[in-house]
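Have a look at the structure below, then the notes.
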Amino acid sequence: MTKNEFITQLATELHKNNIADADDVIAEYEQHFAFKQADGYSEEEIAAKLGAPETLAEQFGEVEGEQAG
């Protein structure tokens with residue numbers, strides 16, 4: 001999966017889960033890609049190490065739920 005594919009899927013999932021700070025999360029992952037690419041990793045390697053965007057978005061939903069409670 002490329003960076004653009006990963007970020008697009010992540011954004012979609014974050015919005016589906018109504019994550020309030022979705023833009024901040026997306027910016028953080030874009031920065032992560034930039035840093036790792038500077039270290040010589042390919043977009044595909046980075047995306048694979050980060051995991052599924054759906055799973056990541058669900059985790060942010062769980063964290064937000066805990067903070068609200």
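The values are calculated or read from the model by the stated rules, or taken from the named source; none is laboratory data. Bear in mind the structure is a predicted one, so any value in this text is a computation, not a measurement. Using ideal geometry, Cβ is built from the backbone for each residue, glycine included, and neighbour counts are taken over all protein chains shown. Heavy atoms of the whole protein, side chains included, go into the accessibility calculation; ligands, DNA and RNA do not. Shrake-Rupley method; radii C 1.70, N 1.55, O 1.52, S 1.80 Å.
Summary table
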quantity: Among (i) 11.9, 37; (ii) 13.2, 45; (iii) 12.3, 41, the entry derived from the coordinates for Rg and Dmax of the Cα atoms in Å; calculated: (iii)
quantity: Computed helical MRE - 222 nm, the chain, DSSP H runs ≥ 4 contributing -39500 (n - 2.57), nearest 500; calculated: -25500 deg cm²/dmol
quantity: Simple spin-label estimate for Thr8 and Glu43 in nanometres, 7 Å along Cα-Cβ; calculated: 1.0 nm
quantity: Surface accessible to a 1.4 Å probe, per residue, for the residues of the chain, Å²; calculated: 65 Å²
quantity: Whole-percent carbon and sulfur share, accessible surface of the chain, 1.4 Å; calculated: 46 percent
